[in-house]
Amino acid sequence: MIKTIDRFSVGALSELLIKKEISAVELTEYCFEKIASRNSDIGAFITLDEEGALAAAREADRKRASGESASGLLGIPFAVKDNLCVLGMRTTCGSHMLENYVSPYTATAVGRLIDSGAVVIGKTNMDEFGMGNATNTSALGLTRNPHDTRCTAGGSSGGSAAAVAAGLVPFALGSDTGGSVRQPAAFCGAVGFKPSYGAVSRYGLLAYASSLDTVGVIGADVESCAATYREMSGYDALDRTSKDYDKNSLPIDVSKLKIGVPYALLDGVSKDVKGAVNDIIDRARSLGASIVPVELPSLDACLGSYYVIASSEASSNLGRYDGVRYGYRPESYDSVEELFVRSRTEGFGEEVKRRILLGTYCLTGEARDGYYKHALAARKYITEKMCEIFSSVDFVFMPVSTDIAPKFEDLIKKTPTERYLDDCYCVISNLSGIPSLSLPVGRGRGGMPVGVQIMADKGFDARLLALGSALERGSET
Amino acid sequence: MYEAVIGIEVHVELATKTKIFCDCRAAFGAPPNTNVCPVCMGLPGVLPSLNERAVHMAIKAGLALDCRIADVTRFDRKNYFYPDLPKAYQISQNELPICYGGGVDITVGGEKKRVRIKRIHLEEDAGKLLHREGAGTLIDYNRCGVPLIEIVSEPDMRNSAEAKAYLTELRTTLLYTEISDCRMDEGSLRCDLNVSVRKKGSAEMGVRTEIKNVNSFAFAAKAIDYEIERQIELIESGEGVRPETRRFEESSGTTLLMGKKESEADYRFFPEPDIPPIYIEGNTVEKIKKELPSMPAERRKRYVGKYGVSEDDARILTSSLHIAQYFERAAEGSEYPSTVANILLCDVLATTSPDKFEPFISAEHLCETAELYGSGVISSSSVKKLLKLIGDSDLTPRQIVEREGLAQINDTELLEAILQDVFAEDHKLVADYKNGKTAVRKAIIGRAMAKSQGRANPVLLQKIFDRLMQG
């Protein structure tokens, strides 16, 4: 039996399984033991499926023994953010609205991982319907940072980040609409990968903002994310916005690379974050890369465009939660109108209602031209600008957030719109559809993790992951 | 003093096998909630997958109605809350419809007119509500996601007759393309009427009302007539017309208030992010154009010009593609095409239903029958006899005529002999005629006819009688 496993990454675990030093069933049991001891502290999981996981693990062991499958993910346990459907399990989106909703089908991305033999351990906590950056708007519990439980794990994929950072699973799926995979990964010291828009099917991902949502993965290391990405990405006929991009890249020669850094932005970040950015710049330089200054589109324009578009699309996507077919419904009502009003007023939390109202306003009457159409124009400009930048550099380094993970007591002092400002470094990737990888780069004050993003041009996911690996290796401490 | 301004929106269900955004069957009449899946039910997490066939059919309809086809077309979300709309938005088209700028030519009271078509767009249908008195409402989502095209006319019509003519020609044209069975009784064709009234000669539009729940073209005409009167009364009394949605009540022939006009609601249209824009290539359109059969208007022109058929008769002959094709098979290469038309109109159509054309006589045999009559081999009464026998027989018309001895007697000597027999049998009749009782002629010829078992050539018989009487 295992006492403790040193490295809880896909690569390390896969090796143990291949060498038969551990079985998939033992590994799964190990996960549930760890979860039992740590989940009450950090609140990473909403739903656990021990029975289902063990059955899948047994099947993985059987397939390995018979030689039927040799997939790199065979028998590897993983967690799924609770806005991705898994057949037969609750998909709550962290909301009272869907507290008891059980999906009759599995999301494509999750299904592909299950088909490759990976084992679903459970569903992780998240900000309600993906709206938030601290996993503190979930109606079903609070998620805390494993490094310091007085701090947030970030959001909206806080549960997934906490689960990986606490060593409960080697990787966990998340969704990134405005930083929701990268920021919690950075706060928790894990790797967070947001693929190009369309690289991974959104079928089965409960939509927040359709043109911004991206299924992503948080992993113990870059290879954990890369292995997951290779398995789950690719065109899906059920999602016509999905595309095939290269899954593999030739080994990357960092000395041939030109990497852009938006130096002007570094004035707005904390010392810890600045230090981390400089660290990664040094690492890249030591591997031979040339570093050049770049100028990004205004972060204010990015934020404004993001919030208008995201809220507008959200106000439409969340219209279907009306209490008629599924989800929360009041005990009694006297008219259809009352059913709609009460289901939504009572089923949704404050932040969700706030964004629905904001989005509804932006699409109504005269506001449409002033806000929504303007936001689209800004988005077009931002996308073109990023394209231009990538014609002169191969990658761009970018902060993930202004500072390390804040304490809850400091968070609640901020207003909702002040909280929105914290997304400023991340939304640009979602607006332009480009892939971004958040790497843990050292520690800040109090030993809290700090992360830095690398952004690449659309479609260059495999190259981005290759660079991430190279920089990760170069940081062996 | 007043003129009515009428525009019509027609929704047509496309006859695709599956729905517009998922693989569910799009068939009519299945048990409730059996043709549904997560996508058309709008379950959390689903996405639409566009059915190419629906796009193909929409283009076909557009070409048949003389429209331009967009180079790039896109779906938009139309947001509103209603229990029969699972996603709380309908995927429709707002800014870039698939077809635009077409029209339909109508003839009313001998006057030709063109009713322009503003646009045609694709959209998905919603579910059906079933209200039960005091026991709530049930919802059937089978119809959710069935592909529709919405055909919007310009407000070019001025009275109910023009509206009816437009609807009829529109429906016939669409039936030719076979993109829908266009049945109002099954809901595969629905129309909403927009009616307003203004002083004749005025350039400004009056206040418009929308009339729904019209279940036949005849009822559409009635509804329009009633609504025009109602609006004129309101204007004259000073009360004025309110913008409303009204429904037509068949029992009273009136329109009743249904609710405030829907277009006051803000649908918050925005481009559907889950479906990439569609780029339509020129050669795709050309290919689809080639699939189109020749349209009713064009055929009517040909029938009148080439076959000598009247306009009214041509309208009936082209009322369905199958009748038109049948007629053309029979008339092409015939020396007596107008006879073909007459027999088809008088004798064949009467025995088959308008919805399913199943003639009891083949086109080839119809052609032969027309030839036999036109060339004088048989008389018109023998045509009827012949048609009665054809249905049950494997023989050709010619063979039946021979077997039954239906051929006319054209032999003048024989005819003369028959007449002489009649004269011999009744001297009084002959005397009466010679004395000026011209009415007797009919009786004598009638007897001669009877003697020949109806086979005497009536024209010849009369000629011979006159000749004999002269002498």
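Residue-level check: of (1) in contact with a helix residue (DSSP H, G or I) (Cβ under 8 Å, 6 or more places away or on another chain); (2) within 14 Å of chain A (Cβ to nearest Cβ); (3) hydrophobic (A, V, I, L, M, F, W, C); (4) open to solvent by less than 60 Å² (accessible area, probe 1.4 Å), B:Leu85 misses just (1).
Table: residues versus (1) within 19 Å of the chain's Cα centre (by Cα); (2) open to solvent by 20 Å² or more (accessible area, probe 1.4 Å).
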{"residue": "B:Leu96", "(1), (2)": "no, yes"}
{"residue": "B:Ile120", "(1), (2)": "no, no"}
{"residue": "B:Glu124", "(1), (2)": "no, no"}
{"residue": "B:Leu130", "(1), (2)": "no, yes"}
{"residue": "B:Leu138", "(1), (2)": "no, yes"}
{"residue": "B:Pro147", "(1), (2)": "no, no"}
{"residue": "B:Glu169", "(1), (2)": "yes, no"}
{"residue": "B:Leu175", "(1), (2)": "yes, yes"}
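Checking the condition within 14 Å of chain A (Cβ to nearest Cβ) and either basic (Lys, Arg) or open to solvent by less than 30 Å² (accessible area, probe 1.4 Å) (or both), which residue from B:Arg268, B:Arg315, B:Arg302 passes?
Exactly one of B:Arg268, B:Arg315, B:Arg302 is within 14 Å of chain A (Cβ to nearest Cβ) and either basic (Lys, Arg) or open to solvent by less than 30 Å² (accessible area, probe 1.4 Å) (or both), namely B:Arg268.
Checked against (1) surrounded by fewer than 17 Cβ atoms within 10 Å (Cβ to Cβ); (2) more than 14 Å from chain A (Cβ to nearest Cβ); (3) under 27 Å from A:Ser210 (Cβ atoms), B:Glu9 passes all but condition (3). For the stretch A:184-201, the criterion of a residue being more than 14 Å from chain B (Cβ to nearest Cβ), touching a residue at least 60 places away in the same chain (Cβ under 8 Å), part of a helix (DSSP H, G or I) and over 23 Å from A:Thr135 (Cβ atoms) is satisfied by no position. Screening B:Gly206, B:Gly259 for residues that are within 14 Å of chain A (Cβ to nearest Cβ), at pLDDT below 95 and either open to solvent by less than 40 Å² (accessible area, probe 1.4 Å) or farther than 30 Å from A:Asn430 by Cβ (or both) leaves exactly one candidate, B:Gly259. Whenever a residue of the stretch A:84-104 is within 7 Å of chain B (Cβ to nearest Cβ), its partners that are open to solvent by less than 60 Å² (accessible area, probe 1.4 Å) and basic (Lys, Arg), lying with C-beta atoms within less than 9 angstrom and at least six residues away or across chains, give the pairs A:Thr91/A:Lys123. Of all the numbered requirements in (1) surrounded by fewer than 15 Cβ atoms within 10 Å (Cβ to Cβ); (2) under 49 Å from the mean Cα position of the chain (by Cα); (3) among the charged types (D, E, K, R), B:Arg447 misses one, and that requirement is (1). With the requirement that a residue be more than 14 Å from every other protein chain (Cβ to nearest Cβ) and in contact (Cβ under 8 Å) with a residue 12 or more places away in the chain, what does the stretch A:233-249 give you? Matches in the stretch A:233-249: A:Ser233, A:Gly234, A:Tyr245, A:Asp246, A:Lys247, A:Asn248, A:Ser249. The lone criterion from (1) within 14 Å of another protein chain (Cβ to nearest Cβ); (2) at negative phi left unmet by A:Tyr381 is number (1). Evaluation of B:Asp66 against the conditions (1) open to solvent by 10 Å² or more (accessible area, probe 1.4 Å); (2) within 14 Å of chain A (Cβ to nearest Cβ); (3) charged (D, E, K, R); (4) more than 23 Å from A:Tyr235 (Cβ to Cβ) shows that the sole unmet condition is (2). Among the candidates B:Ser310, B:Ser353, single out the residue that is open to solvent by 30 Å² or more (accessible area, probe 1.4 Å) and either at pLDDT 95 or above or more than 21 Å from B:Gly374 (Cβ to Cβ) (or both). Among B:Ser310, B:Ser353, only B:Ser353 is open to solvent by 30 Å² or more (accessible area, probe 1.4 Å) and either at pLDDT 95 or above or more than 21 Å from B:Gly374 (Cβ to Cβ) (or both).
A quick yes/no check of all residues on (1) part of a loop (DSSP other than H, G, I, E, B); (2) within 8 Å of another protein chain (Cβ to nearest Cβ):
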| site | (1), (2) |
| --- | --- |
| B:Leu43 | yes, yes |
| B:Val46 | yes, yes |
| B:His56 | no, no |
| B:Ala61 | no, no |
| B:Arg77 | no, yes |
| B:Ile91 | no, no |
| B:Gly101 | no, no |
| B:Val104 | no, no |
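Just checking, which of B:Val152, B:Val115, B:Val146 is of a type in the set (A, V, I, L, M) and in contact with a Ser or Thr (Cβ under 7 Å, 6 or more places away or on another chain)? Step by step, each of B:Val152, B:Val115, B:Val146 is checked, and only B:Val115 is of a type in the set (A, V, I, L, M) and in contact with a Ser or Thr (Cβ under 7 Å, 6 or more places away or on another chain).
The combined condition, being open to solvent by 10 Å² or more (accessible area, probe 1.4 Å) and in contact with a Phe, Trp or Tyr (Cβ under 6 Å, 6 or more places away or on another chain), is not fulfilled by B:Asn142.
Restricted to helices (runs of 4 or more DSSP H) entirely inside the stretch B:311-396, those with at least 3 residues that are touching a Cys at 6+ places or on another chain (Cβ under 9 Å) and not β-branched (Val, Ile, Thr) are B:321-331. Look at (1) on the phi > 0 side of the Ramachandran plot; (2) within 14 Å of chain B (Cβ to nearest Cβ) and you find that A:Gly442 fails only one, number (2).
The values are calculated or read from the model by the stated rules, or taken from the named source; none is laboratory data. Source: prediction; values computed, not measured. Note that we place each Cβ from the backbone using ideal geometry, even for glycine, and neighbour counts take in every protein chain shown. The protein model used for the area step is the full one, side chains on, heavy atoms only, and it has no ligands, DNA or RNA in it. Shrake-Rupley method; radii C 1.70, N 1.55, O 1.52, S 1.80 Å.
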